[in-house]
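The values are calculated or read from the model by the stated rules, or taken from the named source; none is laboratory data. None of the values given here were measured: they were computed from a predicted structure. Here the Cβ positions follow ideal geometry from the backbone for every residue, glycine too, while neighbour counts run over all protein chains shown.
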Amino acid sequence: MHSQFEQLVPLNVSVITVSDTRDESTDKSGAFLADAARGAGHHVVHREIVVDDLYQIRAVVSDRIAAADTQVILLTGGTGFRHRDVTPEAVAPLLDREIPGFGEYFRALSTTEIGTSTMQSRVLGGIANRTLVFCLPGSTNACRTAWNGIFSEQLDATHRPCNFVEILGVEPVGTEAKAS
């Protein structure tokens, strides 16, 4: 598959931070992801902080998957092995298909930064209702690694030979990714 796009296709991105301790003023990872998305030419259409609760996370993500204005959901937090880390368990049942290579590649990138500790990173990526969904660690450095090493290319419609934008069903000439 070769990219059919000649220019950036701005995507609508929702950023969700999973945390019991963060608020808007202390959410550095969510802020980084929102700023990076905007800096790449995308639109941040929703930003929210949800507590580390499986059902509350699932409810918020379900709402964003169903929202016509969201094409990409970036979650940060709750992907470790601590008792309250339930983001992958909350999100996985909502996915139509997983992107196994996302977690594999993220951990490969992270190895150079955090060594064997990357094994504890339960990142997850997939698609549901033509919406890309990615669960990232709560660390701002991890979010930066994911953005710079994966999303900067894979959320760019011009990246060749292929990219995540193509799997959204976005057409090169202004067709929306989701039917309203």
Looking at segment 105-142 only, could you name the residues that are in contact (Cβ under 8 Å) with a residue 60 or more places away in the chain and of a type in the set (S, T, Y)? T131, S139, T140
Does A179 meet the test of being touching a Pro at 6+ places or on another chain (Cβ under 9 Å), over 20 Å from P88 (Cβ atoms), part of a loop (DSSP other than H, G, I, E, B) and at pLDDT below 95? no
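A quick yes/no check of all residues on (1) surrounded by fewer than 23 Cβ atoms within 10 Å (Cβ to Cβ); (2) at pLDDT 95 or above:
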| residue | (1), (2) |
| --- | --- |
| Y105 | yes, yes |
| E113 | yes, no |
| T118 | yes, no |
| A128 | yes, yes |
| V133 | no, yes |
| N141 | yes, yes |
| W147 | yes, yes |
| I150 | yes, yes |
Only listed residue being within 17 Å of the chain's Cα centre (by Cα) and acidic (D, E), chosen from D35, D20: D35
Tally the residues that are among the β-branched types (V, I, T), closer than 16 Å to T79 by Cα and out of contact with any Asp or Glu (no Cβ under 8 Å at 6 or more places or on another chain), restricting the search to segment 1-22. 1
Among the candidates V44, V91, single out the residue that is in a helix (DSSP H, G or I) and among the β-branched types (V, I, T). V91
If you take the residues in segment 86-101 that are in contact (Cβ under 8 Å) with a residue 40 or more places away in the chain and surrounded by 22 or more Cβ atoms within 10 Å (Cβ to Cβ), which one is nearest to V13 (Cα to Cα)? V91
Report, ordered by the first and then the second residue, all pairs with beta carbons closer than 8 Å, sequence separation of six or more or different chains, a first member in segment 23-40 that is over 20 Å from G78 (Cβ atoms) and at pLDDT 95 or above, and a second member that is of a type in the set (D, E, K, R) and surrounded by 18 or more Cβ atoms within 10 Å (Cβ to Cβ). A40/D156
Qualifying positions in segment 58-85 - of a type outside the set (A, V, I, L, M), surrounded by fewer than 24 Cβ atoms within 10 Å (Cβ to Cβ), touching a helix residue (DSSP H, G or I) at 6+ places or on another chain (Cβ under 7 Å) and not in a loop (DSSP other than H, G, I, E, B): R58, S62
